[in-house]
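A.B. asks: Before we start, here is the structure in question, set down as structure tokens.
Values quoted throughout were computed directly from the atomic coordinates according to the rules given, and no laboratory measurement underlies them. It should be emphasised that the depicted structure is a prediction, and the values quoted were computed from it without experimental measurement. Neighbour counts run over all protein chains shown; Cβ positions are idealised from the backbone, glycine included.
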Amino acid sequence: MVFLAVLDGTVTAFVLALIALGLSLVFGVMRIVNVSHGEFFMLGAVFSWFAYHWTADSVWGFVLALLIAPVIVGFIAVFSERFILRKVDYNPESTIVATIGILYVIQQLTLMGFGPEARPVEAPIYFRISFPWFGYSGYKLLVAVMSGLCLCGVWLLLKRTKLGLYMRATQQDYEIATTFGVPTKKIYASVFALGGGLAALAGVLVVPIRQADHLMGLEPLLLSFIVVIIGGLGSIRGTIIAAFLIGISDGIISVFYEPTLAKMLATLFVVMILIIKPSGLFGENQQ
Amino acid sequence: MMSNKEKGKVDQQSELHITRRSVIGAGAAIAGAGIIGSQLIDPVAKTAYAAGSDEPIRIGFQAHRTGIGALYGRWYERTTNAAAKYINSIGGIAGRPIEIITEDDGTDPKRGADVVEKLATKHKVDFVYGTLFSHVVMGSAPRAGELKIPYFVVSEGYHVASGALNRYVFQPCITDVRSQITAVSNWIFSNLGKNVALIFPDYAFGYDHRDYASAAAAKSGAKITAKIAIPPTASSFTRYFVKIPKNTDVIYHVMVGPGVLTFVREMGEHYGTRHPKLFGFIDSLEGVNINSPGLEFLDGSHFWEAMPRYADGYPTSGSNFYRDTVGVDNTGASKSDSKDVSAYSHMFGCWETLFAIKEAVEQSGYKSKKDYKTLIETFEGFTGFNEGIAHPQGSKVFSGKTHQCYGQQFVSQVKNGKFNVVHRTSIADGMYEPETDYTKKSL
Amino acid sequence: MKRKSLIYSLFLKGGVILFLFLIQFVLPTYHHSSFSKIMILASYAIAYNFLLGYTGLMSLGHAMFFASGMYSAGLSILYLGFTPLEGIIFGTLFSLTMSLIFGLFALRTSGVSFLIVTLMFGQTLYLAILYYNEFTFGQDGFSITNYLGSLVIFGKEHLYSNPTIRYNFALIMLAVYLLITTIIILSPIGRILIAIRENEARTQLLGYNVFSYKLFALTFSGTLAGISGAMHALLFSYIGTTFAEIHHSISPLLWTLLGGAGTVIGPLLGTGVMYYLIDFISGITSNYLLVVGIILVLTIIWFPLGIMGTLRQQWIKWLP
């Protein structure tokens, strides 16, 4: 029983890490909170459905979705950044309000284009792993593996490439980075696109496990917030560790306690962390 | 050859005849008759009552056009419009045309109250009708009571019959979950097994299932092996399946919402080929094609249906006429789009309720708001509705005290990619003693 | 300057209240009750604005204060047999305590962290109401119409749902809220709150205990929100989790922003405009949330000061 909880929790944790990472990067570099982040996740899932629908094949649909969904969502992110966020000068409060507006717009446009019902997407491969006590979906394990690969990919991007270098520089100090010739405006756009793209990617991976529907973005958003706060705003390492902490403990607690109670406990846990260390586990001290 | 007027009187008399008996007795009588067949009530209501003014009867339709109820709202709206069109084609209500005014309540209780207000005071409708989701009913019905306007619910919630609402609220043509569960429980225990695990959503609708199924089990000597409440936002269910004990014969599941398909798939992944029997409620799959990927695990399992989705499940002429008129094909999908599966076990409530309103208006001689009292008292005097075009789901027994009806229920099995009816309950199977008496309350 | 401001603004507020008082006699039924609702919700927005517009703290969890006032009043009337007045008092005390305790914890963070903490606490209250549904009736909610009894004024009995009672109670609440907030804003305390909004570090350096002031602001804001929730329960009788959800936290933000954060009349205007806008749009399309989203984005880009804020900036400088 505990084994199942840990297994399920791990899969959740990987996906959560991927989603929260996007939010964390955006905050780390741009110092803003994107309330519509959950909608990017949802769009990934919805585009995945369309890809599956057009190709009428689960494998090609999956591949297509993996390739194009993050790109399309990335474009939407860049568009929002350019025409909305930049116009409010990345003011923290204004971006929150603006991204709430973007949330409503994306959600409702999806409702209009996709419909109110939840639609399933078939997994590209389907096999069942038989443990002595229960069966488990092979695809879920694949999701964990792929998420892990993506996380490594992002890490490589940040630590080993020029783009990553620029991003880290901009995070440290925007003005000095600009003085040094870093194209900070473009970096902002790239980071926002990357954040959205990661969320969309998570959506594509996750949608065969759960259906796509226009309201699915809210829950991941709230969870990402919890993860990012506990891990510490601005710390990538903190985000990932917190994601695992939350994912696995949520899995375990839900097995032994009622899920609603588990969620309440998770929130109160966050409060405790904040009392002890207001900037989160690994957060930098700001403001 | 009887004139329409005489025919109308005869039908009316057969209704009056029913009023003499007790609720239980009437139910047994109707149930015993088997498929009542093509008794088409002639609804051409050219009666002597409401001498025609051309002023339409305005019915305010509180629709879940957006929000979590949007799927149902869509089908409710289609059914309502089809019913109104048909009623107008046969002469309207008491010779007056019916006019439907629709407002969206967003499946939100606070907007529900505002919508009731708007329909009543701005659009000045005669009646308000059409709500499904129970929290919206709870938020809106009190307002209807304050505004003193009759409010007809199409919800299948138990709140009307529980006495929690007011005398203006009726649920005349769709049975409530208590009745549904009571009716099918015995069949489950007798045919599927006596050790039952309950899986339900963690809110009122789920609790009703938990409570009434447990009560039914206690009465029949069956045992509830587990009661698993799943939060509405859950997106992964694997961790709940481990809580089901090994000695369970039947899993009774009532999951609703976007996670249903995941729920079924994960149940399949968890159990593999050796699994307990399954009994579900079609609420889980309203609007969803049974052949959707991931639902393979349901093959061979059983479902409660209020009205069989597939046409061969209950092929009476009234039911076929209704299906055709609302635009649904033999598989339960929209005729114009086979991917658009209907909410067939709920939407009939709209059709039938509009006809019930018609019958009440015509019998009571209602002309305007001053006549609400007479209308309500007439309604409370009804003891049932006969099957036919007006009531295609089946005959109903109506309790004036609880403002709620009882009706037949269906058990279907999933086989060969469709639902096949294997059992039809009698109306008496779902009856329970009234727990309230609205007739004693003031208006 | 302060004197003049106070007098001018009292005139303006007084004028608005007088206008609202008089108009009730000519409003058609539907608009009459819409106005009642708008006034209660505007009171909620005014409470919210006190925190956002004047102290500079943005909360995304204000529904928890509204709901705590609403539920504590409603449940005490239902289970403990409190009279409506006792219910309101209990609701006031409960939301005061809640906002105070919440503030003690939450104000340790600021900015974005504070925002997220308010969001999550709001969620927790929502979940708690669902979890204890046997007691709170969970998502379905409940109505206290039958438990309110009637109000006796000048020897005549009235129901709380009576349109005139509703309208005037809401109006009185609105008037009181406007009065209190105006007085505080124009007082020394208000000046310091505004100073905190403008530059917290400097205010701290000047020797003011910023934490206490923020705590005061949060408690005041939360309590007023809670009282508006209790009033809502009394006048509109339905209590449900829909008032504890995130959208009910986003709403006062939207209304305040549209009307003008940092002005006193702004929230009232914003609430009214938004209410009628949604009403109007629902008649055209079923997708009013889309329009809400667009308005939110456009407002924050081009009218970040909101209607009254822009007015104040361009023409009427003395508006508080």
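A.B. asks: Please give the length that would be gained between residue A:165 and residue A:90 if that part of the chain were fully extended, namely 0.36 nm times their separation in residues minus their C-alpha to C-alpha distance (nm, one decimal).
C.D. replies: Gain on extension, residue A:165 to residue A:90, equals 24.8 nm.
A.B. asks: Now for a different question. What's the FRET efficiency of residue A:186 with residue C:209 using the Cβ-Cβ distance as r and R₀ = 41 Å, to the nearest 0.05?
C.D. replies: 0.40
A.B. asks: If you don't mind, there's one more thing I want to ask. Give me A:149, A:64, B:198 sorted ascending by neighbouring Cβ count inside 10 Å, so fewest comes first.
C.D. replies: Ranked by crowding around the Cβ, least crowded first: A:149, A:64, B:198.
A.B. asks: Give me the net charge for the shell around residue B:161: Cβ to Cβ below 10 angstrom, other residues only, Lys and Arg +1, Asp and Glu -1.
C.D. replies: Taking every Cβ under 10 Å from that of residue B:161, the sum is 0.
A.B. asks: Also, I was wondering about something else. How many percent of the alpha carbon pairs in chain B exceed a separation of 34 Å?
C.D. replies: 29
A.B. asks: Computed FRET efficiency, Cβ-Cβ of residue B:186 and residue B:437, R0 22 Å: what is it to the nearest 0.05?
C.D. replies: After rounding to 0.05, the efficiency reads 0.20.
A.B. asks: Another question about this same structure. Measure off 7 Å from each Cα along the Cα-to-Cβ vector at residue C:152 and residue C:18, then give the distance between these two points in nanometres to one decimal.
C.D. replies: Here the answer is 3.5 nm between the modelled labels.
A.B. asks: Please report the spacing between the Cα centers of the range A:1-49 and the range B:78-137 in Å, no decimals.
C.D. replies: 42
A.B. asks: Just how large is the dipole of chain A about the Cα centre, in debye to the nearest 20, putting +1 at every Lys and Arg Cβ and -1 at every Asp and Glu Cβ?
C.D. replies: Taking the Cα centre of chain A as origin, the dipole is about 680 debye.
A.B. asks: In addition: For peptide B:202-213, how many partner chain Cβ atoms fall within 10 Å of a residue's Cβ, on average?
C.D. replies: Mean inter-chain Cβ contacts per residue within 10 Å come to 2.
A.B. asks: Now, a different point. Which loop-located trypsin sites (Lys or Arg not before Pro) does the range B:156-253 contain, where loop means any DSSP state but H, G, I, E or B and the Cβ has at most 16 other Cβ atoms within 10 Å?
C.D. replies: Loop-located and lightly packed - B:194, B:243, B:246.
A.B. asks: Given the -39500 (n - 2.57) contribution per DSSP H run of 4+ residues, what per-residue ellipticity at 222 nm results for chain B, rounded to the nearest 500 deg cm²/dmol?
C.D. replies: About -11500 deg cm²/dmol.
A.B. asks: If the limit is 20 Å between Cα atoms, which of A:162/A:185; B:367/B:441; B:194/B:277 go over it?
C.D. replies: B:367/B:441
A.B. asks: Of B:100, B:113, B:90, which is farthest on the positive side of the dipole of the range B:74-118, counting Cα position, with +1 on Lys and Arg Cβ, -1 on Asp and Glu Cβ, and the Cα centre as origin?
C.D. replies: B:90
A.B. asks: I'd like the chymotrypsin sites (Phe, Trp or Tyr not before Pro) in the range C:1-41 restricted to DSSP loop residues with at most 10 other Cβ atoms within 10 Å, sorted by number.
C.D. replies: Taking the range C:1-41 and a limit of 10 other Cβ atoms within 10 Å, the loop chymotrypsin sites (Phe, Trp or Tyr not before Pro) found are C:25.
A.B. asks: Percent antiparallel among DSSP beta bridges with both residues in the protein assembly as shown, to the nearest 5?
C.D. replies: So the antiparallel bridges amount to about 45 percent of the total.
A.B. asks: Let me ask something else about it. Out of C:48, B:136, A:103, whose Cα points farthest toward the positive end of the dipole of the protein assembly as shown (charges: +1 Lys, Arg; -1 Asp, Glu; placed on Cβ)?
C.D. replies: About the Cα centre, the residue reaching furthest to the positive side is C:48.
A.B. asks: With a 10 Å Cβ neighbour count serving as the proxy for reagent exposure, in which order, fewest first, do A:250, B:312 appear?
C.D. replies: B:312, A:250
A.B. asks: Take the Cα of residue A:71, step 7 Å along the line toward its Cβ, and report every residue of the range A:1-44 whose backbone nitrogen sits under 19 Å from that point.
C.D. replies: A:41, A:43-44
A.B. asks: Quick one: Kirkwood hydrodynamic radius for the range C:26-245, alpha-carbon pairs, angstrom, one decimal?
C.D. replies: 18.0
A.B. asks: Could you sort the peptides B:169-176, A:179-186, B:81-88 by per-residue average Cβ neighbour count (10 Å cutoff), highest mean leading?
C.D. replies: Packing proxy ranking, top to bottom: B:169-176, B:81-88, A:179-186.
A.B. asks: To continue, here is another question. Could you sort C:163-174, A:188-199 so that the peptide with the highest average Cβ count within 10 Å comes first and the rest follow in order?
C.D. replies: Put in order of decreasing packing, that is A:188-199, C:163-174.
A.B. asks: In degrees between 0 and 90, to the nearest 10, how far off the longest principal axis of chain B does helix B:317-326 point, with axes built from Cα atoms?
C.D. replies: Value to nearest ten degrees: 90.
A.B. asks: Quick check: net charge around residue B:373, other residues with Cβ under 15 Å of its Cβ, Lys/Arg +1 and Asp/Glu -1?
C.D. replies: Here the charged neighbours net out to +3.
A.B. asks: Which one, A:256, A:75, A:225, has the greatest fluctuation when you compute a Gaussian network model over chain A with C-alpha springs under 10 angstrom?
C.D. replies: A:256
A.B. asks: While we're looking at this one, here's another question. For residue B:311, what is the net charge nearby, where nearby means another residue's Cβ is under 9 Å from its Cβ and Lys, Arg count +1, Asp, Glu -1?
C.D. replies: Taking every other residue near residue B:311 into account, the sum is 0.
A.B. asks: Which of the trypsin sites (Lys or Arg not before Pro) found in the range C:212-320 are in a DSSP loop and have at most 14 neighbouring Cβ atoms, other than their own, within 10 Å?
C.D. replies: Loop-located and lightly packed - C:317.
A.B. asks: What does the average come to when, for each residue of peptide A:108-121, you count the partner chain Cβ atoms lying within 10 Å of its Cβ?
C.D. replies: 6
A.B. asks: Please average, across the residues of C:104-115, the number of beta carbons from any other chain that are within 10 Å of each residue's own beta carbon, and give a whole number.
C.D. replies: 6
A.B. asks: Could you calculate the FRET efficiency of residue A:6 with residue B:219 from 1/(1 + (r/R0)^6), where r is the beta carbon distance between them and R0 is 45 Å, rounded to 0.05?
C.D. replies: E(calc), rounded to 0.05, equals 0.65.
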